[in-house]
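Structure, as structure tokens:
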Amino acid sequence: MNDLISGIDIAFWALAAIAVLSGWRVFATDSMVRASFLLLLSFMAVAGIMLLLAAPYIGVATIFMMAVEMMVMAVFMVMFMMNPAGLNPMSMVHQQPLAIGAGVVAFIGLSAAVLTSPLPDQPVAADHRAIHALGIEMLGDSMLIFESAGVALLSAMIGSVILSSRSGRFGPADPGSRPPGLCEGGLPAGSVPDENKNHGMGHGMQHDTPNAAPQDTHGAHGAQGS
Amino acid sequence: MTLQALLIVASALIGLGLYGVLSQQSFVMLMMGFELILNGVLLMTMAFWSFGSAGAPKGQLLAILVMAVMALEMAIGFALVTAVYRQRQADTTEALDTLKH
Amino acid sequence: MNAATAVGATLLLMLGGAWLVAVFDRIAAALVARRPVGSLWLGPLQSGASLLVSRTNQTEHPDALNWALAPALYLVLAFVGVALVPFSTSGALVDIPAGIVLWGAVESLTVVAVFLHGWSANALFPLLGAYRYVAVGLPIMLVSMFVLIAAALPAQSLALGAIVQSQAGLWNVVRQPLGLPLFLLLGLSLTLRGPFNYADSADLAGGTDAERSGPPRAVWQWARLSMAVSFSAMAATVFLGGPLGPAWGTAELGPLWLTLKTAVVLALLVAASHLLARMPPSRMLTLLWTVLLPLSFVGLVAAGIEAAP
């Protein structure tokens, strides 16, 4: 504690630099898969800081959860982004000056609030049994909060399955599940799936009318012929 | 590693996330920005737990709730992105302009 | 045991264990195919050396950084897994209060490493392998976490040392019979073997490793074997009592018991990878979500009821 800079301080500043730098690079990289794993790196740096803060369970659980989340995010990146491997330079931003301004204002505002307000000073004890205390609290006094979070997660799981199911809420999902066109409003690359099956479901009534007209003309021709 | 330093680092993460949310056209990148904001909030929570409350257990519980919110937001967010794409073939925010004046 | 000897012992266990897994693989393949086994002990070293002198393949526009980092990440995760395991009753190399959760982080980062390895090649079969593996590797992780929580319940702690101490009377493999079989399935997934080998399988012409040759391929295969050792050490600790042995001389013979139990689990792992049936990913997903996950729930509930005061 007499040293000006201790090992923990060096580790903290290194991890903080990694977190902020990789967070910035998420929005400055071309490859989308790299963007999601750069976000994972940012989360892992924050988790390392939390391990330095004597919260072992929260730190390691952050790494665990965020690895899985960023893996799923990478899969969705490839699904919905046009440049997953970063083979072309691209920049899909809008209102960039406003966004930079908002980010800077948020950072300055929050830092000013931090530096000017009287912060509490009750550091956690070095031998504090954090996991034990968390467990007793979570399943004791705060059981209702914990169970509500569980129910919220369950409803989110059910909701996300319903929203994205193949037999969707507003009709089947297959007609809409096609890649974007090569040009605006055009056909997608590759083979186009057979559309007749889907038209048969929603437009069954209209097929009778075009078929009825030739029969009428045939009848007229037949009447004229005979 | 003082409380102020931690909170300023977390504010930087929140500022970066806010920049991402406001500047990205694609839904998925927008959600990455939101995840960064929640990253900063998580760090702030644990900083206050470690330096400001002498290890009160509700601080860690709040951190777990922030992580649960992250998971919830990602799940419902991606389900909505999928549903919107299937309905309108829109994968950027600019493509959804039915409410535009 | 000071830090230097602990690191040395960890590296020795990893290297020796990787060699042993390769030898077991050859024995199992010879038994299943009823062929003579050839050079049993030197064979793995020969094939590794031949890979090291081969030329490294290149593809068009690979993600070079991630392609090089993925095997390194896989190796580091295997090392972290072995470092978590307590060698004797005095402690482990990495002794944190949430050891089980750190192993869970190792599992999830393994999925990231395999995906990156398949993605970075910018080729069709590696990408298919990576995607199939993500679809199956993530749910099997849930199964393993329930199994590990069930093992942590009698110990009333998430630390591996406490879990070892809680098995002083009865090993977890007897107390929680569903634990080790389900955990072995996770081991198959972590090491890309047997029915869970969706990443590097033969029907994808080698999968994520299809476009790789030369030293990077040697590193990837070595990392797979090292992960087998890491997983087996963890399974031996959580289910077979780790360094605990008969009452006499436990403190000094702890590493020996741990090594023997790791070898037993390695043999079980290799046997399972050669004897269990393969199935298409969709069927495996159905099996995972409808059979294995409820089974692990049942095991967790049973462990909770038994551990309740």
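The values are calculated or read from the model by the stated rules, or taken from the named source; none is laboratory data. The structure presented is a predicted model; accordingly, all values stated were derived computationally and were not measured. As a convention, Cβ positions derive from the backbone with ideal geometry for all residues, glycine included, and neighbour counts pool all protein chains shown.
Out of C:Phe125, C:Phe115, report the one residue that is out of contact with any Ser or Thr (no Cβ under 6 Å at 6 or more places or on another chain) and more than 10 Å from chain A (Cβ to nearest Cβ). Give the steps one after another, and end with the answer.
Working: C:Phe115 fails: more than 10 Å from chain A (Cβ to nearest Cβ).
Checking each option against the conditions leaves just C:Phe125.
Provide a single number: the residues in region C:95-112 that are surrounded by 18 or more Cβ atoms within 10 Å (Cβ to Cβ) and either free of Cβ contacts under 8 Å to residues at least 60 places away in the same chain or of a type in the set (Asp, Glu) (or both).
Selection size over region C:95-112: 9.
Assess whether B:Met44 counts as being crowded, with 18+ Cβ neighbours inside 10 Å and at the interface with chain A (Cβ under 7 Å from one of its Cβ atoms).
Details: crowded, with 18+ Cβ neighbours inside 10 Å: yes; at the interface with chain A (Cβ under 7 Å from one of its Cβ atoms): no.
No: the conditions fail for B:Met44.
Which numbered condition trips up A:Ala112, out of (1) modelled with pLDDT of 95 or more; (2) surrounded by 13 or more Cβ atoms within 10 Å (Cβ to Cβ)?
Exception for A:Ala112: condition (2).
Yes/no per residue for (1) closer than 30 Å to A:Met44 by Cα; (2) exposed (fewer than 15 other Cβ atoms within 10 Å of the Cβ):
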{"position": "C:Ala18", "(1), (2)": "yes, no"}
{"position": "C:Val21", "(1), (2)": "no, no"}
{"position": "C:Ala30", "(1), (2)": "no, yes"}
{"position": "C:Ala33", "(1), (2)": "no, yes"}
{"position": "C:Pro44", "(1), (2)": "no, no"}
{"position": "C:Ser50", "(1), (2)": "no, yes"}
{"position": "C:Asp63", "(1), (2)": "yes, no"}
{"position": "C:Pro71", "(1), (2)": "yes, no"}
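From the list C:Leu180, C:Leu184, C:Leu153, exactly one residue is farther than 30 Å from C:Ala22 by Cβ and hydrophobic (A, V, I, L, M, F, W, C). Which is it?
Just a single option satisfies the conditions, and that option is C:Leu153.
Please verify whether A:Ala112 is more than 7 Å from chain B (Cβ to nearest Cβ) and touching a residue at least 12 places away in the same chain (Cβ under 8 Å), treating the condition exactly as stated.
no
Read through the list (1) of a type outside the set (Lys, Arg); (2) outside any helix (DSSP H, G or I); (3) under 27 Å from A:Ile136 (Cα atoms), then give the number of the only condition that C:Trp103 fails.
Every condition holds for C:Trp103 apart from (2).
When C:Ala152 is evaluated against the numbered criteria (1) within 22 Å of A:Leu41 (Cβ to Cβ); (2) crowded, with 21+ Cβ neighbours inside 10 Å, which criterion, by number, is the only one it fails?
Here C:Ala152 clears every test but (1).
Give region C:96-111 a look and list any residue that's among the hydroxyl-bearing types (Ser, Thr, Tyr) and either over 16 Å from A:Ala47 (Cβ atoms) or more than 7 Å from chain A (Cβ to nearest Cβ) (or both), or say none.
Passing the criteria: only C:Thr110.
Within region B:1-28, which residues are of a type outside the set (Gly, Ala, Ser) and more than 7 Å from chain A (Cβ to nearest Cβ)? Can you show your working first?
Applying the first criterion (of a type outside the set (Gly, Ala, Ser)) to region B:1-28 yields B:1-4, B:6-9, B:13-14, B:16, B:18-19, B:21-22, B:24-25, B:27-28.
Correct list: B:Thr2, B:Leu6, B:Val21.
Exactly one condition in (1) more than 30 Å from C:Tyr131 (Cβ to Cβ); (2) free of Cβ contacts under 8 Å to residues at least 60 places away in the same chain; (3) not in a helix (DSSP H, G or I) is false for A:Val124; which is it?
(2) is the only condition that A:Val124 fails.
Against the definition (surrounded by fewer than 18 Cβ atoms within 10 Å (Cβ to Cβ) and more than 7 Å from chain A (Cβ to nearest Cβ)), how does B:Lys58 come out, yes or no? So that I can check it myself, show each step before the final result.
Working: surrounded by fewer than 18 Cβ atoms within 10 Å (Cβ to Cβ): yes; more than 7 Å from chain A (Cβ to nearest Cβ): no.
It is false that B:Lys58 is surrounded by fewer than 18 Cβ atoms within 10 Å (Cβ to Cβ) and more than 7 Å from chain A (Cβ to nearest Cβ).
Going through region A:7-54 one residue at a time, which ones are of a type in the set (Val, Ile, Thr), assigned to a helix (DSSP H, G or I) and more than 9 Å from chain B (Cβ to nearest Cβ)?
A:Ile10, A:Ile18, A:Val33
Would you call A:Met82 assigned to a loop (DSSP other than H, G, I, E, B) and under 24 Å from B:Phe27 (Cβ atoms)? Steps first, answer last, please.
Details: assigned to a loop (DSSP other than H, G, I, E, B): yes; under 24 Å from B:Phe27 (Cβ atoms): yes.
Spelling it out, A:Met82 is indeed assigned to a loop (DSSP other than H, G, I, E, B) and under 24 Å from B:Phe27 (Cβ atoms).
Take C:Leu292 and tell me if it is among the aliphatic types (A, V, I, L, M) and more than 30 Å from C:Ser90 (Cβ to Cβ). Before the answer, list the steps.
Details: among the aliphatic types (A, V, I, L, M): yes; more than 30 Å from C:Ser90 (Cβ to Cβ): yes.
Spelling it out, C:Leu292 is indeed among the aliphatic types (A, V, I, L, M) and more than 30 Å from C:Ser90 (Cβ to Cβ).
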